[in-house]
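A.B. asks: Handing you this structure, nothing more for now.
Just so it is clear, none of the values below were taken in a lab; they were calculated from the coordinates. From a predicted model like this one, the values you see are computed outputs, not experimental measurements. Glycine also receives a Cβ, built like all others from the backbone with ideal geometry; neighbour counts cover every protein chain displayed.
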Amino acid sequence: MAVQLFKRTKQLELKVDEILDLVSQSAMAFDQAIDSYMSEGVSERFNQRLEQVVALEARGDKLGLAVELQMYNETLIPDARGDVLTLLEALDGIIDSFKSVLFYFSTEAPEIPESLRPYYSELAKLSGAAAESLVLAARAFFRDVQTIKDHLHKVHYYEKDADVLVTKIRREIFEMDLPLANKIHLRFFAERIVWISDMAEDVADKLTIYAIKRTI
């Protein structure tokens, strides 16, 4: 079993754990916000979830900076420092992507046809699941790198399902009797949601390399 990366730096471990919690909480809030939008549009409940993600992203930025400063000031884990900081930056980017997509919904308020709403909700769930599986993989990277494969394969699984679903959504959109501008608008929002699962897969690929380096 691999030694925990932060074995002698409990304070740093707690900060990293909180960052991972923020990604998971953002995924759940995002899922709830999209479900709310599909049933109510830009409602009070939707705005509450958007504000929650904004606050989570701000907290993530502050923690990320604190972790970076502590790692450099205390000369912690020098061999893995670059990988850890790149990973944490990428995870913060996923929180930011949740926020960005919700802001798109808030400002542009797309008119989603009723027949497509369940697909958009499911797409949000798949992207959120990919992000949450990535969080579990990241926890394994820090605590027991030998178990990381148990979670990385799920990121790829959800990303592939999301790709299949977004293709189905595109096809149905362009078969509808709608103005072309509306179709392009609907496609844009589907692609913004699936973009999150693509990001999670990209980070998972990096994490795979980082894990291999730790086991050599």
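A.B. asks: Lysine pairs in region 72-175 8 or more apart or on different chains: how many have alpha carbons under 21 angstrom apart? Show your work: numbers first, answer last.
C.D. replies: Working: K99/K125; K125/K154; K125/K160; K125/K168; K149/K160; K160/K168.
Number of lysine pairs found: 6.
A.B. asks: Using a 10 Å cut-off around each Cβ, can you sort T215, T86 from fewest to most neighbouring Cβ atoms? Let's see the in-between values first.
C.D. replies: Working: T215 9, T86 14.
So the residues, fewest neighbours to most, are T215, T86.
A.B. asks: Also: Test of understanding: ordering K125, K183, K62 by Cβ neighbours within 10 Å, fewest first, what list do you get?
C.D. replies: On the way: K125 20, K183 15, K62 12.
Lowest to highest Cβ neighbour count: K62, K183, K125.
A.B. asks: Scan around S43 for amide H atoms under 5 Å from its own, H built in the peptide plane at 1.01 Å from N, and keep only partners 5 or more places away or cross-chain.
C.D. replies: Counting only residues 5 or more places away or on other chains, the set is empty.
A.B. asks: Hey, got the dipole for region 19-163? About the Cα centre, +1 on K and R Cβ, -1 on D and E Cβ, debye to the nearest 20?
C.D. replies: Numbers: 13 positive and 25 negative charges, 57 e Å.
The dipole magnitude comes to about 280 debye.
A.B. asks: Here is a follow-up. Order 206-212, 109-115 from most to least packed using the mean count of other Cβ atoms within 10 Å. Walk me through the intermediate numbers first.
C.D. replies: Numbers: 206-212: 16.3, 109-115: 12.3.
Highest mean packing first, the order is 206-212, 109-115.
A.B. asks: Determine which aspartates and glutamates satisfy two conditions relative to K213: a Cα distance under 16 Å, and not lying fewer than 8 residues away in the same chain.
C.D. replies: Answer for K213, where 16 Å is the Cα cut-off: D79, D83, D144, D205, listed by chain and number.
A.B. asks: If you take the beta carbon distance between S115 and N47 as r and set R0 to 25 Å, what does 1/(1 + (r/R0)^6) give as a FRET efficiency, to the nearest 0.05?
C.D. replies: Efficiency computed from Cβ-Cβ geometry: 0.45.
A.B. asks: Report the gain in length on full extension from E74 to D21: 0.36 nm times residue separation, minus Cα-Cα distance, nm rounded to one decimal. Don't skip to the answer; put the middle values down first.
C.D. replies: Numbers: separation 53, 0.36 × 53 = 19.08 nm, distance 2.42 nm.
Using 0.36 nm per residue and subtracting the Cα-Cα distance, I get 16.7 nm.
A.B. asks: Can you give me the three principal axis dimensions of the chain from its C-alpha atoms, in Å, biggest first?
C.D. replies: The Cα atoms of the chain stretch 61, 32, 21 Å along their principal axes.
A.B. asks: Follow-up question, since we're still on this one. How large is the helix-only mean residue ellipticity at 222 nm for the chain, computed as the sum of -39500 (n - 2.57) over DSSP H runs with n ≥ 4, divided by its residue count, in deg cm²/dmol to the nearest 500? Provide the component values of the computation, followed by the final result.
C.D. replies: Numbers: 6 runs with 179 residues, N = 216.
The per-residue figure over the chain is -30000 deg cm²/dmol.
A.B. asks: Same structure, new question: Picking from V42, L134, A58, whose Cα lies most toward the positive end of the charge dipole for region 1-153 (charges on Cβ: Lys, Arg +1; Asp, Glu -1)?
C.D. replies: Highest projection toward the positive end goes to L134.
A.B. asks: Still on this structure, I have one more. Can you compute 3J(HN,Hα) from phi for each residue in region 147-153, using the Karplus curve 6.51 cos²θ - 1.76 cosθ + 1.60 with θ = phi - 60°, rounded to whole Hz and x for Gly and Pro?
C.D. replies: Here the 3J(HN,Hα) series is 9, 5, 5, 4, 10, 4, 5 Hz.
A.B. asks: Kindly give the semi-axes, whole Å and largest first, of the ellipsoid equivalent to region 120-216, taking each as the square root of 5 times a Cα gyration tensor eigenvalue.
C.D. replies: Details: eigenvalues 230, 20, 16 Å².
Equivalent ellipsoid of region 120-216: 34, 10, 9 Å, largest first.
A.B. asks: For R81 paired with K183, estimate the spin-label separation in nm (one decimal), with each label point 7 Å from Cα along the Cα-to-Cβ line.
C.D. replies: Here the answer is 5.4 nm between the modelled labels.
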